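Enquirer: Pasting a structure below so you can have a look.
What follows is calculated from the coordinates using simple rules that are stated; it is not laboratory data. Keep in mind that this is a model prediction, so the values were computed, not measured. In this analysis, Cβ positions are derived from the backbone assuming ideal geometry, glycine residues included, and neighbour counts consider all displayed protein chains.
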Amino acid sequence: MKPLVETSLLRIYTSEFDKLEHQPLYEALLFAARKQGLAGATVVKGIMSFGASAKVHTAKLIEISEDLPIVVEIVDTAERIQAFLPMASELLEQAGCGGLLTIEKISAMFFPNRKAAL
């Protein structure tokens, strides 16, 4: 069994309609994390949420979408996550749409993709 490694998980909460110029904010965040060399990032689309405005955003069978929630999750060392925070904050500020950042200490097992090296 691989050893557990102490890492951090950064979660950035936003919504699918949030943009940075003409690019989705979640996409800008993911590519910024990749450019900075972080270990990994995933964008997750939610089916229901509410935030500071208390407006409920939901996806129902009749509707295609109602500005659904998006969570960008990034895993790396605490130091590298801390180094990425200014960039993430800057992107959220530039988009001007609001959002939430959380950081958790986690234990993780990393499994390299040997197929990608072929």
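Enquirer: Between residue 90 and residue 115, what is 0.36 nm times their sequence separation minus the Cα-Cα distance? Round to one decimal in nm.
Expert: 5.5 nm
Enquirer: Could you give the nm distance between label points at residue 108 and residue 4, where each point is 7 Å from its Cα heading toward the beta carbon?
Expert: 1.5 nm
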